[in-house]
């Protein structure tokens with residue numbers, strides 16, 4: 001479980017009240033990783049949703065860098081709500097902390113926090129259509 005205070009400072013979860021934050025926090029696992037760690041690989045099967053709580057990461061599609069992520073940014077949602085494959089590679093560019101939620105917990109999030117899930121799904125659609133990183 002992640003710290004609810006840390007979770008409440010992330011834009012995606014800032015609107016949740018304390019009981020909801022506590023519930024969602026139990027579905028995440030915090031991981032500290034060094035720079036240069038590939039967190040998601042383009043074309044691979046994807047079963048996890050990630051929120052970058054600290055640090056930085058680069059998003060690449062093929063050989064092109066398409067985005068730079070920082071604290072509060074999330075990724076991996078496309079594989080969970082889409083076809084199950086990662087559409088890009090995400091690699092840390094600095095020591096980072098990522099919050100990881102597996103697909104089963106993501107389904108719980110969709111059921112219990114539909115507003116948060118809808119925001120994630122909207123970004124996933126935009127990214128799949130090439131309108132966002």
Among the residues of segment 24-45, what is the count of those that are surrounded by 14 or more Cβ atoms within 10 Å (Cβ to Cβ) and either on the phi > 0 side of the Ramachandran plot or over 17 Å from the mean Cα position of the chain (by Cα) (or both)? 0
Number of the condition not met by residue 112 [criteria: (1) out of contact with any helix residue (DSSP H, G or I) (no Cβ under 7 Å at 6 or more places or on another chain); (2) at negative phi]: (1)
If you take the residues of segment 65-79 that are crowded, with 16+ Cβ neighbours inside 10 Å and within 12 Å of the chain's Cα centre (by Cα), which of them is modelled with the highest pLDDT? 69
With the requirement that a residue be surrounded by 16 or more Cβ atoms within 10 Å (Cβ to Cβ) and either free of Cβ contacts under 8 Å to residues at least 12 places away in the same chain or under 11 Å from the mean Cα position of the chain (by Cα) (or both), what does segment 80-109 give you? 80, 90, 98, 99, 100, 101, 106
Going by what's in this entry, would residue 68 be described as assigned to a loop (DSSP other than H, G, I, E, B), out of contact with any helix residue (DSSP H, G or I) (no Cβ under 7 Å at 6 or more places or on another chain) and more than 17 Å from residue 4 (Cα to Cα)? no
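Conditions (1) in a helix (DSSP H, G or I); (2) in contact with a strand residue (DSSP E or B) (Cβ under 6 Å, 6 or more places away or on another chain), marked per residue:
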residue: 78; (1), (2): yes, no
residue: 83; (1), (2): no, no
residue: 87; (1), (2): no, no
residue: 91; (1), (2): no, yes
residue: 94; (1), (2): no, no
residue: 97; (1), (2): no, yes
residue: 100; (1), (2): no, yes
residue: 106; (1), (2): yes, yes
residue: 110; (1), (2): yes, no
Would you be able to say whether some residue in segment 96-108 is at pLDDT below 90 and in contact with a helix residue (DSSP H, G or I) (Cβ under 6 Å, 6 or more places away or on another chain)? yes
Which residues, taken from segment 5-23, are surrounded by 14 or more Cβ atoms within 10 Å (Cβ to Cβ), closer than 17 Å to residue 73 by Cα and without any contact (Cβ under 8 Å) to a residue 40 or more places away in the chain? 8
What number of residues within segment 27-45 satisfy the criterion of being within 20 Å of residue 97 (Cβ to Cβ) and either out of contact with any strand residue (DSSP E or B) (no Cβ under 6 Å at 6 or more places or on another chain) or free of Cβ contacts under 8 Å to residues at least 40 places away in the same chain (or both)? 2
Take residue 62 and decide whether it is over 27 Å from residue 112 (Cα atoms), under 15 Å from the mean Cα position of the chain (by Cα), at pLDDT below 95 and surrounded by fewer than 16 Cβ atoms within 10 Å (Cβ to Cβ). no
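The values are calculated or read from the model by the stated rules, or taken from the named source; none is laboratory data. Small disclaimer: the values here were computed from a predicted structure and weren't measured. A quick note on method: Cβ atoms are made from the backbone with ideal geometry, for glycine too, and the neighbour counts reach across all protein chains shown.
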